[in-house]
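Trainee: Right, I'll just put the structure down here and ask away after.
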Amino acid sequence: LVLSSTVVSGNRISFANWDSSAFNGDAEFKLVAVDNSGNSAEVSHHVFIDNSAPAIPTGLAVEVSLGNTVTSSWQDVSDTQAVSYQLWRSGINLSGNIEITEFIETGVPDGTYRYSVVSVDSIGNISAPSVSVPIVVDSRAPDLTIIKPTQYEEFELSLGFEAVFTDKDVVSIQLSLV
């Protein structure tokens, strides 16, 4: 691959925004300068081009406790390039870059979420996401309202009861006389 440019004025040249995505590994750059008299100078520079994503984290486990505390943990990747992790909840990076394999989140709003984790190497390459884990956080008591009979309604013989609730996860309701 040859990159070339002509210096029009001054003594500095820049090859900005060079796309190195097709390269990976050790590379040597050679720069040759030629002046008006035909004299040339050559210098070289060795670099390491890293376009490889680190390994994908595995073993993601997500638990809800104390109503709205979510604890996520995963296996440390064996890839020596991975230096940190990012924990994601439904498309939002919760953790920034962290160097540990556990994250505790408190005060999680009620809802249904999908958690995943990625690894990040020292250059900033990000792995593909782990297998996502779905969870439901439900820390509120059901919203229950008696609509029949009305408060202090008088009746004799038979009485009908009717209640409404907004929660979608109610599995049982008991009626008792206290």
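Trainee: How many of the residues in segment 32-55 are open to solvent by less than 70 Å² (accessible area, probe 1.4 Å) and hydrophobic (A, V, I, L, M, F, W, C)?
Mentor: 6
Trainee: Let me ask something else about it. Do we find that Ser130 is in a strand (DSSP E or B), within 20 Å of Pro54 (Cα to Cα), open to solvent by less than 80 Å² (accessible area, probe 1.4 Å) and out of contact with any Asp or Glu (no Cβ under 6 Å at 6 or more places or on another chain) in this structure?
Mentor: no
Trainee: For segment 157-168, enumerate the residues that are open to solvent by 90 Å² or more (accessible area, probe 1.4 Å) and in a strand (DSSP E or B).
Mentor: Glu162, Phe165
Trainee: Could you list, in sequence order, all residues of segment 56-94 that are surrounded by fewer than 16 Cβ atoms within 10 Å (Cβ to Cβ) and not β-branched (Val, Ile, Thr)?
Mentor: The answer is Gly59, Ala61, Glu63, Ser65, Leu66, Gly67, Gln75, Asp76, Ser78, Ser90, Gly91, Asn93.
Trainee: If Glu154 passes every condition in (1) within 19 Å of the chain's Cα centre (by Cα); (2) farther than 20 Å from Ala53 by Cα; (3) in a loop (DSSP other than H, G, I, E, B); (4) not polar (S, T, N, Q) but one, which one does it miss?
Mentor: Unmet for Glu154, out of (1) within 19 Å of the chain's Cα centre (by Cα); (2) farther than 20 Å from Ala53 by Cα; (3) in a loop (DSSP other than H, G, I, E, B); (4) not polar (S, T, N, Q): (1).
Trainee: Between Ile123, Ile146, which is open to solvent by 60 Å² or more (accessible area, probe 1.4 Å), at pLDDT below 95, among the aliphatic types (A, V, I, L, M) and closer than 30 Å to Phe48 by Cα?
Mentor: Step by step, each of Ile123, Ile146 is checked, and only Ile123 is open to solvent by 60 Å² or more (accessible area, probe 1.4 Å), at pLDDT below 95, among the aliphatic types (A, V, I, L, M) and closer than 30 Å to Phe48 by Cα.
Trainee: What are the pairs with Cβ atoms under 7 angstrom where one residue, in segment 126-141, is under 15 Å from Leu66 (Cβ atoms) and the other, located anywhere, is part of a strand (DSSP E or B) and among the small types (Gly, Ala, Ser)? Sequence gap at least six, or different chains.
Mentor: Hits for this filter: Val137/Gly111.
Trainee: Still on this structure, I have one more. Would a scan of segment 71-83 turn up a residue that is of a type in the set (S, T, N, Q), in contact with a strand residue (DSSP E or B) (Cβ under 7 Å, 6 or more places away or on another chain) and at pLDDT below 95?
Mentor: yes
Trainee: How about segment 36-96: which strands (runs of 3 or more DSSP E) wholly inside it have at least 3 residues that are free of Cβ contacts under 8 Å to residues at least 24 places away in the same chain?
Mentor: Filter on segment 36-96 gives 40-49.
Trainee: From (1) open to solvent by 40 Å² or more (accessible area, probe 1.4 Å); (2) at pLDDT 95 or above; (3) within 25 Å of Leu66 (Cβ to Cβ), pick out the condition that doesn't hold for Val171.
Mentor: The failed condition is (2).
Trainee: Among the residues of segment 106-118, which ones are at pLDDT below 95 and crowded, with 17+ Cβ neighbours inside 10 Å?
Mentor: The one that is at pLDDT below 95 and crowded, with 17+ Cβ neighbours inside 10 Å: Val108.
Trainee: In the set Leu175, Leu157, which member is without any contact (Cβ under 8 Å) to a residue 24 or more places away in the chain and out of contact with any strand residue (DSSP E or B) (no Cβ under 9 Å at 6 or more places or on another chain)?
Mentor: None of the other options fit; the residue is Leu157.
The values are calculated or read from the model by the stated rules, or taken from the named source; none is laboratory data. These numbers were taken from a predicted model, which means no experiment stands behind them. Please note: Cβ atoms are built from the backbone with ideal geometry, for glycine as well, and neighbour counts cover all protein chains shown. Calculation scope for accessible area: heavy atoms of the full protein, side chains included, ligands and nucleic acids excluded. Shrake-Rupley method; radii C 1.70, N 1.55, O 1.52, S 1.80 Å.
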